[in-house]
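Participant: Can you keep this structure in mind? I'll have questions shortly.
Values in this text are rule-based calculations from the coordinates and carry no lab data. A quick note: this is a predicted structure, and the numbers were derived from the prediction, not measured. Here the Cβ positions follow ideal geometry from the backbone for every residue, glycine too, while neighbour counts run over all protein chains shown.
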Amino acid sequence: MGQKVSPVGLRIGINKTWESKWYAGNKDFSKFLNKDVKIRRYLEKKLKDAAVSSILIERNATKTDVIINTAKPGVVIGHGGDEIEKLKKQIINNCSFIEHKVYVSDYEPRFTNEIIRNFTCTPTGRKKEYFEETRELYQYSYDEYKPPYLVGLINQFLNGDSKAIDNILNYNISPKSTLDDRINLANKEFNRIAPEDINKKKEKLKELEDLLKTRELNKNQQSIDLYYAQLIGLIKFDLIDSLSISELVKIESFLEINLSSKVEISNSKERPFVKSLKKID
C-alpha cells in the first residue's frame with residue numbers, strides 16, 4: 001500500500017499528455033512552475049462553474065498559450081460572448097458587401113458557408129434535353145452577403161482560437177479598394193477603348209451598369225469603424241502575471257532580437273515591469 005504512483009504520470013505517453021508543455025533550465029524551472037500554479041489557481045477559481053476538464057499551458061520564447069477544455073464555453077466567454085454574437089450579426093446585416101446574382105439552370109444551387117438572402121426560384125418554361133431525360137430550367141435569383149474578414153475572426157475567437165485575438169487587435173479596418181474606385185477604373189477603361197471597337201465598348205458598358213446596380217444595392221452599407229470599436233470594448237484582459245525588465249533584457253540577449261519596441265511598460269516607479277507583449281513578427 002505504500003508504493004503508490006501518480007495516475008497521470010503512469011499514463012503519460014499512452015492515453016494522457018503533459019498538462020504543461022515547455023522547457024526551462026534549472027535556473028528558470030521553479031519560476032515557470034510557480035507561474036503555472038498561479039494561472040491554474042486563478043482560472044479554477046474564476047471558472048469554477050464552467051465544467052472545466054483540463055487546463056493546458058504551452059510556452060515558447062515569446063508567449064504563453066493557455067488552452068481551456070470546458071463543457072460550458074458560454075460560461076468561460078461570459079456575458080460578453082452573447083454581446084459579441086449580437087455584434088457579429090449587426091456587422092453581417094449592416095457592413096456586408098451585397099452582390100445580386102441571377103442565373104438559369106436545371107439544378108438548384110448548393111450553398112455551404114455563404115450568407116444568402118432573398119432567394120427566389122422561377123420556372124422559365126424552357127427545358128434542357130439530355131440523352132435519357134428532359135429537365136425543367138429555372139431562374140435562380142438571390143443576394144449574397146459577403147461580410148468583412150472581421151466576422152471570420154470573431155467566429156475563430158468564439159470557437160476558442162487564441163490566435164484570433166492578435167488578429168482582431170491588429171485588424172486593418174480600411175478597405176483595400178471601394179466600389180467607387182472600381183466604377184472610376186471601369187469608366188477610365190471604357191474611355192480608353194477605341195470608338196470603332198464596338199464589342200469591347202458594349203462589354204465594358206455592361207460591366208459599368210452592373211457596378212452601378214451593385215452600388216445602389218449597397219447604398220445603406222455602413223462603415224465597420226464603430227462596430228470594431230464596440231468589439232474591442234467587449235474583449236477584456238485580466239493581468240495574471242508580469243515580466244520584469246531584467247527578464248526581458250535576458251530574453252532579448254538570448255534570442256538576439258529587440259522586443260522593447262513591441263511591449264507595453266507599466267508606469268510603476270517602484271518596480272517597472274512589462275504589462276503585455278504585442279504581436280511579434
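Participant: Can you work out ³J(HN,Hα) from phi for every residue in segment 181-194, in order, using Karplus 6.51 cos²θ - 1.76 cosθ + 1.60 and θ = phi - 60°, giving whole Hz and x for Gly and Pro?
Facilitator: Residue by residue, segment 181-194 yields 4, 5, 5, 4, 5, 5, 5, 5, 5, 5, 5, 7, 6, 4 Hz.
Participant: Counting only residues 5 or more places away or on other chains, whose amide H sits under 5 Å from the amide H of Ile115 once H atoms are built in the peptide plane?
Facilitator: The list, which skips near neighbours in sequence, is Tyr145.
Participant: Could you tell me which residue out of Cys95, Leu212, Tyr140 lies farthest along the dipole of segment 80-232 toward its positive end? Charges go on the beta carbon: Lys and Arg +1, Asp and Glu -1, centred on the Cα centre.
Facilitator: The residue sitting most towards the positive pole is Leu212.
Participant: With θ set to phi - 60°, apply the Karplus curve 6.51 cos²θ - 1.76 cosθ + 1.60 along segment 52-64 and write out the HN-Hα couplings as whole Hz, x wherever there is a Gly or Pro.
Facilitator: 6, 8, 7, 10, 9, 10, 10, 10, 10, 5, 10, 8, 10
Participant: Let me ask something else about it. Under a crude label model (7 Å from the Cα following the beta-carbon direction), how far is His100 from Tyr149 in nanometres?
Facilitator: 2.9
Participant: Can you work out ³J(HN,Hα) from phi for every residue in segment 100-111, in order, using Karplus 6.51 cos²θ - 1.76 cosθ + 1.60 and θ = phi - 60°, giving whole Hz and x for Gly and Pro?
Facilitator: Couplings: 8, 10, 9, 7, 10, 7, 9, 10, 6, x, 10, 10 Hz.
Participant: For segment 17-110, run through the chymotrypsin sites (Phe, Trp or Tyr not before Pro) and keep only the ones in DSSP coil with at most 14 other Cβ atoms within 10 Å of their Cβ.
Facilitator: Answer by residue number: Trp18, Tyr23, Tyr107.
Participant: Please list, in chain and number order, the residues 5+ apart from Thr70 or on another chain whose amide H is under 5 Å from its amide H, with Hs placed from the backbone.
Facilitator: Amide H neighbours of Thr70: Ser53.
Participant: Another question, then. Would you mind getting me the FRET efficiency between Lys163 and Glu196? Use the beta-carbon distance for r and R0 = 41 Å, nearest 0.05.
Facilitator: That gives a FRET efficiency of 0.15.
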